[in-house]
Structures are given as structure tokens and as C-alpha cells.
Amino acid sequence: MPEYIDIHSHISFPEFDEDREAMMGQMKEKNIWAIDVGVDFDNSKKASENANANQGIFASAGLHPTDGGIEDFDAAVYKDLFANPKVVAVGECGLDYFRGAQSQISNLKTKNYKEKQIENFTRQAELALELDKPLMIHCRDAYVDLLEILRSYSKTHGSKLRGNMHFFAGNWKEAKEFLDLGFTLSFTGVVTFARDYDEVIKNAPIDMIMAETDSPFVAPAPRRGKRNEPIYVAEVVKKIAQIRGEDEDKIKDRILKNSLKMFALKS
Ligand SMILES: [Zn+2]
């Protein structure tokens, strides 16, 4: 079993092209696993290949609400990627009305960016249900619409609909709505320098929390402003324990178990 799992990183992004192998070598040395998260078809394919080639690396395949450009989510095409058992989740998918208004899709003539995001997300939620996989969700300034979609699938499919709210940035009231639907919350290195997440981290049940880096973005405090890497997930776990005022080893162990369970990860 690994020491830590970074459940959300973008190892197949170009930011790691120069030294990806060396970086993953370091992860192996420190026994840190990661889920390499795809944001469009090409990137998801790369993540799947990366997972195939490396022990302790898993992948998530999906279409990001804004980073995916103007791609339409085609379940039939993405389905091929899930033939690889190391592709463990559908996403990064979701709704982002904050960046959506400034993104390429805001120029679409046929539909507005919200409709486009909702359509792509709905298709991915349906694929996740069909494949019986968890969703890896990105949501910004769109909690109301996202919850409405999740609630309707939850009504028809119960706990088969499951997943994680990545980089959760909502308040406790919003957090509770997702927790009630059985969705977990994951936190990034931002928790090491911003205090906005403390209430949610303190209040959430310990079996509903996970840690991630979102590398190459948002490096934790000691590396702030530099490129982030999955090994720094240890800093996030440490800070979560501090914020909750609980024993670090205990929190580390629980977060690890939550991650293994949600994504059904096996060595
Ligand atoms: Zn991401």
C-alpha cells in the first residue's frame, strides 16, 4: 500500500514534459500514488497510457467544462479508454460558470456556454453510471445547477451515482448538500495558506475527505508560486490534520483508506 495518494493531478500536462519520468521516479521512491486526471480526449488518452506504463499511477478520463475547449463529449469515443482497468473515474467534468463566460465556448453560436457545459456534464454522469465508476467533479460558481443534476440522478440510481468534488471551494452549507448525496470533498495545497476552507474541513465527516495537489497548479505553502507535484500531497494531509486538531497519522490513514475505496485502487 502507498504512503499517500494524490487523487487529482495533471501529470500528463505539458508542464511535466521535461522531467515527467524523473518526477514519477521520485514518487515511486516515496511510495506515493496518483490519479492522472484528463481534461479532454487527447489528454485523457495520455493519462490512460501513463497509468498503463507506471505502477501506482491511475487515470481519470473526461472533458473539463472549460479546459476542454469546444470539444463535445462523445461517450462512445471515451468508452474505449475505460477498457484500461487503471482508468478509475470519469472526469475532470463539471460546471464552471466563472471561467465559462470567458472561455472559447462562450463564443458558440448554437448554444450558450451554460447549456453546453450542462450537456457535456450530463453525458459524463450517464457514462459514469453505465460504467459504474465515480465522477471526478470540477465546480465553480455553479453549485445550484450541479446539485440539481446530481439530485435527479441520485433519485433514479441511488448510491450508484458517486464521486468526488475536487478542489472543493464552497461553504459548509454547500458542502453538506454534496455530502448528503454521498459525494466526497478533496482539498489542495491552498489549505496551507488560505483559511477559507477550515470550517468545511473541520465539519466534514472524516470518511468523506481526501487530499490532492491539482499539480502543476496551486503548490502548498513552502513551494507557493512554483510548479506543484504529487509528492507535496503530504503537506495537504498534514494541514488537514492540523486544521481538524487530530493526530496526523490517524488522518493520513483515514484519507488513504477513503481514496482507495472511492476509486477502487489496487496495487
Ligand atoms: Zn484538475
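The numbers here are math on the coordinates, done by the rules we state, and not lab data. It should be emphasised that the depicted structure is a prediction, and the values quoted were computed from it without experimental measurement. Cβ atoms come from the backbone with ideal geometry, glycine included; neighbour counts cover every protein chain shown.
In table form, for the structure just shown:
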item	result
Single condition residue 44 does not satisfy, out of (1) more than 28 Å from residue 114 (Cβ to Cβ); (2) within 14 Å of the ligand (Cβ to nearest atom)	(1)
Number of positions in the range 140-163 that are surrounded by 13 or more Cβ atoms within 10 Å (Cβ to Cβ) and among the small types (Gly, Ala, Ser)	4
Any hit, the range 55-68, residues being in a helix (DSSP H, G or I) and not charged (D, E, K, R)	no
Filter result (under 21 Å from residue 98 (Cα atoms) and outside any strand (DSSP E or B)) within the range 126-155	141, 142, 143, 144, 145, 146, 147, 148, 149, 150
The listed residue being without any contact (Cβ under 8 Å) to a residue 60 or more places away in the chain and at positive phi, out of 190, 236, 218, 200	218
Candidate set: the range 75-101, residues that are assigned to a loop (DSSP other than H, G, I, E, B) and free of Cβ contacts under 8 Å to residues at least 24 places away in the same chain; chosen: the one nearest to residue 116 (Cα to Cα)	101
Cβ-Cβ under 7 Å pairs, at least 6 apart or on other chains, the range 1-28 side closer than 20 Å to residue 67 by Cα, far side within 11 Å of the ligand (Cβ to nearest atom) and polar (S, T, N, Q)	7/186; 8/186; 9/213; 9/215; 10/215; 12/43
